[in-house]
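Scroll down for the structure; my scribbles are underneath it.
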Amino acid sequence: MSAATPQFKKPTNTDYTIYSISNCKYCVMAKEHLGSATPVSGVSGVSGVSGVSVINCDKFVGSCRERDNFYNFMRQYTVIPYIHFPMIFKDGKFIGGLKELLEKPPKPTKATPKPPTPPKPPTPPKPTKQAKPTTQAKPTKATPKPKPKKRI
């Protein structure tokens, strides 16, 4: 890592972190999906609502060297080489991009409790094995098959 590494912000360990760039329709859709639009006061380049942090990465991808340094920094958090935007994290764990965010089922909030699971129906009793009769029936003699007639 270079001396410029401290400028990069690591994902938060609580709720969502979105790394986005300007003019990216997928970044906008991800932010709208999570409901973040207002900037967080006191932190430049970071905005969020109710635990959603949005980090604008425009200044990190300005030149090839800055971009490569940023991707190298992010690789320690994404585990795989991921070079697309948005980069979305949940509780510090890498989710992926917009597609993976939309595939992930929403987590129920405290206001809407998870419905109780219905009780399992009782399992029917297993059939018991019946004892085999001790006397065996004698096999009957099969009638012999008629022989085919010869054709002349």
- Residue pairs qualifying under the 6 Å Cβ cut-off, at least six apart or on distinct chains, with the first in the range 48-77 being part of a helix (DSSP H, G or I) and the second being of a type in the set (A, V, I, L, M) and open to solvent by 60 Å² or more (accessible area, probe 1.4 Å), are Tyr71/Ile83
- Count of the range 15-52 residues which are out of contact with any Leu (no Cβ under 7 Å at 6 or more places or on another chain), modelled with pLDDT of 65 or more and open to solvent by 90 Å² or more (accessible area, probe 1.4 Å): 3
- Query: Could we say that Phe85 is modelled with pLDDT of 90 or more, on the phi < 0 side of the Ramachandran plot, in a strand (DSSP E or B) and touching a helix residue (DSSP H, G or I) at 6+ places or on another chain (Cβ under 9 Å) here?
  - Reply: no
- Message: Yes or no: the range 111-126 includes at least one residue that is open to solvent by 80 Å² or more (accessible area, probe 1.4 Å), aliphatic (A, V, I, L, M), at pLDDT below 85 and under 23 Å from Lys31 (Cβ atoms).
- Response: yes
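I need a count of the residues in the range 53-86 that are open to solvent by less than 30 Å² (accessible area, probe 1.4 Å) and touching a strand residue (DSSP E or B) at 6+ places or on another chain (Cβ under 8 Å). Reasoning before the result, please.
Within the range 53-86, the first condition is being open to solvent by less than 30 Å² (accessible area, probe 1.4 Å), and the residues that meet it are 53-55, 57, 60, 70, 73-74, 78, 86.
After this cut, where a residue has to be touching a strand residue (DSSP E or B) at 6+ places or on another chain (Cβ under 8 Å) as well, the list is 53-55, 57, 74, 78, 86.
So the count comes out to 7.
The values are calculated or read from the model by the stated rules, or taken from the named source; none is laboratory data. Just so it is clear, the model here is predicted, and its values are computed rather than measured. Backbone-built Cβ (ideal geometry, glycine too); neighbour counts: all protein chains shown. With ligands, DNA and RNA removed, areas are computed over all heavy atoms of the protein, side chains included. Shrake-Rupley method; radii C 1.70, N 1.55, O 1.52, S 1.80 Å.
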